[in-house]
Amino acid sequence: MKIALIVHCFFPEHIYGTETYTLQIARNLRELGHEPIVISAVFEGERQRESLITQYSFEGIPVHCIDKNHLPGRRLKDRYLQEEIGPVLDRLLTQLDPDVIHVTHLANHTATLLDVADARRIPRVITLTDFFGFCFNNHLRAADDSQCAGPSPSRVNCMACSLRSAIDQRLGETSRLARWPVPQAGAALMRTFATGRMRQRVSDIAERPALLRQRYAGFRAAIAPTRFLASAYKANGFDMPIHVQHFGTDIPRAVKTAGAGAPLRFGFIGQVAAHKGIDLLVEAFRRLPPGSATLEVFGSGEPGYVAAIQDRSQGLEISFRGTFPSQDMAGVLATFDFLVIPSRWVENSPLVLLASLASGTPVVISNVAGMSEFVDEHRNGLLFEKGNADALYSILRDLVSDPQAARGMSATTAYPRSTRAMTEDVIRIYHAVAESAGESLEA
């Protein structure tokens, strides 16, 4: 079976969750006797390649990469439906002739890919890795920083997000103009008085949810890694069959060796950014008794923000370690007693959470949808109120007060699902969608 895996970006330049999931599926497909091919892209504004399409191999997996610098967007609509990329995708799919298309992210390729696949009658499946299908910013984060339920009938909330995003990009997230209610007021004005290019932008924002919902109806199946993600799509009118299938992880499973006595070792792995809540973790940590704990931060971010967090950590037992190769994950987690994920926004089954549980490292996480369903409190982790540094401090304080009992949670922390099991479930979906299309897939 030949599978075209469609992803917005890929290794070696991009190494985060969706790219890693795509690579895991490709590896396992190959090992199970199938033929995976990745179709990826270069974001507009990244280093431009000499040609529109470049081909390379990553870990023996063929990759066809479309450079969007050669197909620059002319309007906002080109971010979700770009006519110019249609002939490029058609040529690629004609050349590759896949049995099934498996989308892991539509950005860069846009819903035009679905039109091309529909015209060629190729069965297609999607893994929902974020809220791209109905949310302007992909994160269900409203312009007032609350959690959003999805587009309103007037789309004014989407326009407010658009305005907030534009202000953040030009003036920075700390700009007073980015604060509520400025984006809401601006959105109302846009809706009522916009002319020319601004009216076109308003139209593109308003049209986006319905257009994508209609295109997504062509997916014969969707895979969601969490119940929350599946329910969010269903609540916003997406009626394709959605299968909730947790992601897998291949990190070595071993009995964790507990350190003796204090200090307790906390760790953070991820983007050093405001929405990841690293400032909340630093604030909570600084209130712990001196010498009771250490904190190691692994990750990178915008240099100015990283420097500000490092300044706030002066004099504390906090170390900033930068990034590390993915193959070192087990070794890094082995140095933690607890992994802390203090995100302010909805997370969709972050792979580092699953790796932590699989390694026997319990977690302290914010109680946000997409993560909390993996935690059985006091057995494999603890939950605190999203955005609440006091609540996080209370948990950390209780843990450091009895390090031996805290480390004992490792014995009941596990996550058995592997990427092989995950891929076998995906293959069963491939066969089901092919049979429903009147085709028979071998291997």
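The values are calculated or read from the model by the stated rules, or taken from the named source; none is laboratory data. Not measured: the values here are computed from a predicted model. Positions of Cβ are generated from backbone atoms using ideal geometry, with glycine treated the same way; all protein chains shown enter the neighbour counts. Ligands, DNA and RNA are excluded from the accessible area calculation, which covers all protein heavy atoms including side chains. Shrake-Rupley method; radii C 1.70, N 1.55, O 1.52, S 1.80 Å.
The spacing between region 394-443 and region 1-64, judged by their C-alpha centroids, is 23 Å.
Between Arg91, Arg420, Arg27, the GNM of the chain built on Cα springs shorter than 10 angstrom shows Arg91 fluctuating the most. Is region 1-136 rounded, prolate or oblate when judged by the Cα gyration tensor, a ≥ b ≥ c being the square roots of its eigenvalues, rounded requiring a/c under 1.5 and prolate requiring a/b larger than b/c? Judged from the Cα gyration tensor, region 1-136 comes out rounded (a/c under 1.5). This model, with +1 at the C-beta of Lys and Arg and -1 at the C-beta of Asp and Glu, gives the chain a dipole about its Cα centre of some 1000 debye. Spatially, region 278-323 and region 349-381 are offset by 21 Å when compared through their Cα centroids. A protection proxy built from the mean count of other Cβ atoms within 10 Å ranks the segments 385-396, 352-363, most packed first, as 352-363, 385-396. Close amide H contacts of Asp250 (hydrogens built in the peptide plane, cut-off under 5 Å, sequence separation of 5 or more or a different chain): Thr419.
Full extension of the chain between Asp97 and Val244 yields a length gain of 50.1 nm, computed as 0.36 nm times the residue separation minus the alpha carbon distance.
The dipole here belongs to region 88-132: it is taken about the Cα centre, uses +1 on the Cβ of Lys and Arg and -1 on the Cβ of Asp and Glu, and is about 60 debye. Evaluating 6.51 cos²θ - 1.76 cosθ + 1.60 at θ = phi - 60° for every residue in region 397-408, the Karplus couplings come out as 4, 5, 5, 6, 6, 9, x, 5, 5, 4, 5, x Hz, glycine and proline recorded as x.
Gain in length, Thr54 to Gln404, computed as 0.36 nm per residue apart minus the alpha-carbon separation, to one decimal in nm? Could the numbers behind the result be given before it?
Values: separation 350, 0.36 × 350 = 126.00 nm, distance 5.42 nm.
So the extension gain works out to 120.6 nm.
Considering only lysines 8 or more places apart in sequence, or on different chains, count the pairs in the chain whose C-alpha atoms sit under 28 Å apart. Lysine pair count for the chain: 7.
If one takes the longest principal axis of the Cα atoms in the chain, at what angle in degrees, from 0 to 90 and to the nearest 10, does the Cα axis of helix 303-312 lie? The two axes meet at around 20 degrees. Compute the angle between helix 419-436 and the longest alpha-carbon principal axis of the chain, please, reported from 0 to 90 degrees and rounded to the nearest 10. Tilt of helix 419-436: around 20 degrees.
Once the other residues with Cβ under 14 Å from the Cβ of His64 are scored (Lys, Arg +1; Asp, Glu -1), what is the net sum? Provide the component values of the computation, followed by the final result.
Details: positive: Lys2, Arg49, Lys68, Arg91; negative: Glu35, Asp67, Asp90, Asp97.
My count for the surroundings of His64 gives 0.
For region 1-88, what is the relative contact order in percent, using Cα pairs closer than 8 Å and at least 6 residues apart in sequence? Mind showing how you got there, number by number?
Values: 119 pairs, mean separation 22.8, N = 88.
Once normalised by length, the contact order is 26 percent.
Seen from Ala284, the other residues with C-beta closer than 9 Å to its C-beta sum to a net charge of +1, counting Lys and Arg as +1 and Asp and Glu as -1. In this structure, the amide hydrogen of Arg124, modeled 1.01 Å from its nitrogen in the peptide plane, lies closer than 5 angstrom to those of Ile101, Arg220, counting only residues at least 5 positions away or on a different chain.
Residues whose amide H lies under 5 Å from that of Val42, counting only those 5 or more places away or on a different chain, are Ile66, Asp67, Lys68; hydrogens are built 1.01 Å from N in the peptide plane. Taking every C-alpha pair closer than 8 Å and separated by at least 6 residues, the mean separation divided by the residue count of the chain gives a relative contact order of 14 percent. Quick one: among Arg253, Arg213, Arg428, which has the greatest mean-square fluctuation in a GNM of the chain with alpha-carbon springs under 10 angstrom? In the Gaussian network model the winner is Arg428.
With a 1.4 Å probe and all protein chains left in place, how much of the accessible area of the chain comes from carbon and sulfur atoms, in whole percent? Walk me through the intermediate numbers first.
On the way: 9660 of 19300 Å².
Using a 1.4 Å probe with all protein chains present, the chain comes out at 50 percent carbon and sulfur.
Rounded to the nearest 10 degrees, the inclination of helix 17-31 to the longest alpha-carbon principal axis of the chain is 70 degrees. Taking the Cβ of Ala222 as the centre, find all other residues whose Cβ is under 14 Å away and add up their charges (Lys, Arg: +1; Asp, Glu: -1). Combined, the nearby Lys, Arg, Asp and Glu give +3.
Can you tell me the accessible area per residue over region 328-386, all protein chains present, probe 1.4 angstrom, in square angstrom?
Numbers: 1570 Å² over 59 residues.
Each residue of region 328-386 exposes 27 Å² on average to a 1.4 Å probe.
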